[in-house]
Amino acid sequence: MSVTILTIVTAVLVLAASLFVLRAIPGVRTYLKFRGKHLVTCPETHKTEAVDVAAGEAGLGTFFNEPTLRLKECSRWPERQDCGQECLHQIEADPRNCLVWNIVAKWYEGKKCVFCRKPFAPMNQWDHAPALLGQNFLTIEWRDVRPEELPQIFATHQPVCWNCHVTETFRRVHPELVTDRAYESRRTM
Ligand SMILES: [Zn+2]
């Protein structure tokens, strides 16, 4: 008798766990699909804006079979916090191409550092961030740029690897400590 009850309880637990996993997988997928900073064209201003989708909420919505997609943050907020969030259609249609990380990775892909001519390796979250050289000859890390300004920055800046960015920054901050060997040897010739 007790063996039968144990079997029933086990069967119920296994069924409940299977149901949970079955619902959790699409929920996690939704979360992964919408997390991170995205760039959209604001339907109101037609300018690029940076937004965050409430990805955790969207994942829970999928889990409970009540899909909800809304913004958690926008570069136009708090001024326009009451907007219709119509830009969400752009992210829904193509979340990968709106993701800032993918936009940045695509820009560096196939490019070479403007200083050392070394080609950029595919971007990795754990690597040092590559940098950019502006028309003012200053290098900056792409992470220090406001995301909504990146398309504009990419049009006017050149790619710089992390090593050259560090060297150039050091050269700028401590010019008295830098000896340019190539330049020195040319000068003494
Ligand atoms: Zn370099």
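Among the GluC sites (Glu not before Pro) found in the range 70-175, those both in a DSSP coil and sparsely packed, with 11 or fewer other Cβ atoms within 10 Å of their Cβ, are 79, 86. The HN-Hα couplings worked out from phi for the range 59-64 by the Karplus form 6.51 cos²θ - 1.76 cosθ + 1.60 (θ = phi - 60°) are x, 5, x, 5, 4, 8 Hz, whole numbers, x standing for Gly and Pro.
Between residue 52 and residue 66, the modelled label-to-label distance comes to 2.4 nm, taking each label 7 Å out from Cα in the direction of the beta carbon. Within the accessible surface of the range 1-90, defined with a 1.4 Å probe on protein heavy atoms only, the carbon and sulfur portion equals 65 percent.
Based on the Kirkwood approach, the hydrodynamic radius assigned to the range 25-81 is 11.9 Å, with every pair of different Cα atoms included.
Magnitude of the charge dipole for the range 62-189, about its Cα centre and with charges confined to Cβ atoms of Lys, Arg (+1) and Asp, Glu (-1), is about 720 debye.
Within the same chain, lysines fewer than 8 places from residue 72 are excluded, and of the rest, those with a Cα less than 25 Å from its Cα are 33, 37, 47. Apply 1/(1 + (r/R0)^6) to the Cβ-Cβ distance of residue 143 and residue 24, taking R0 = 25 Å, and write down the FRET efficiency to the nearest 0.05. Efficiency for this residue pair is about 0.20. Less than 5 angstrom separates the built amide H of residue 73 from those of 52, all sequence-distant by 5 or more or on a different chain. Farthest towards the positive end of the charge dipole of the range 1-155, among the residues 115, 61, 21, is the Cα of 115, using unit charges on the Cβ of Lys, Arg, Asp and Glu. Counting only alpha carbon atoms, the long axis of helix 162-173 and the longest principal axis of the chain meet at about 50°.
Considering only 165, 40, 155, and ranking their Cα positions along the charge dipole of the chain that arises from unit charges at the beta-carbon of Lys, Arg, Asp and Glu, the one farthest toward the positive end is 165. Each of residue 2 and residue 177 was given a label point 7 Å from its Cα along the Cα-to-Cβ line. The distance between the two points is 7.5 nm.
Between residue 11 and residue 80, the C-beta separation translates, for a Förster distance of 41 Å, into a calculated FRET efficiency of about 0.15. Average accessible surface for the chain: 70 Å² per residue, computed with a 1.4 Å probe over protein heavy atoms with every protein chain in place. The HN-Hα couplings worked out from phi for the range 28-43 by the Karplus form 6.51 cos²θ - 1.76 cosθ + 1.60 (θ = phi - 60°) are 5, 4, 4, 4, 5, 5, 10, 6, x, 6, 10, 9, 9, 9, 5, x Hz, whole numbers, x standing for Gly and Pro. Each residue of the range 115-132 was assigned a 3J(HN,Hα) from its phi angle through the Karplus expression (A = 6.51, B = -1.76, C = 1.60, θ = phi - 60°), giving 8, 9, 6, 6, x, 6, 7, x, 5, 10, 4, 8, 7, 5, 6, x, 10, 9 Hz with x at Gly and Pro.
When Rg and Dmax are taken over the Cα atoms of the chain, they come to 24.9, 100 Å.
Are there chymotrypsin sites (Phe, Trp or Tyr not before Pro) in the range 1-100 that DSSP marks as loop and that have at most 16 other Cβ atoms within 10 Å, and which are they?
Of the chymotrypsin sites (Phe, Trp or Tyr not before Pro), the ones in loops of the range 1-100 whose Cβ has at most 16 other Cβ atoms within 10 Å are 64.
The values are calculated or read from the model by the stated rules, or taken from the named source; none is laboratory data. Because the structure is predicted, anything quoted here is derived from the model rather than measured. With ideal geometry, Cβ positions are generated from the backbone for all residues, glycine too; neighbour counts draw on all protein chains shown. The area values use the complete protein model at the heavy-atom level, side chains included, leaving out ligands, DNA and RNA. Shrake-Rupley method; radii C 1.70, N 1.55, O 1.52, S 1.80 Å.
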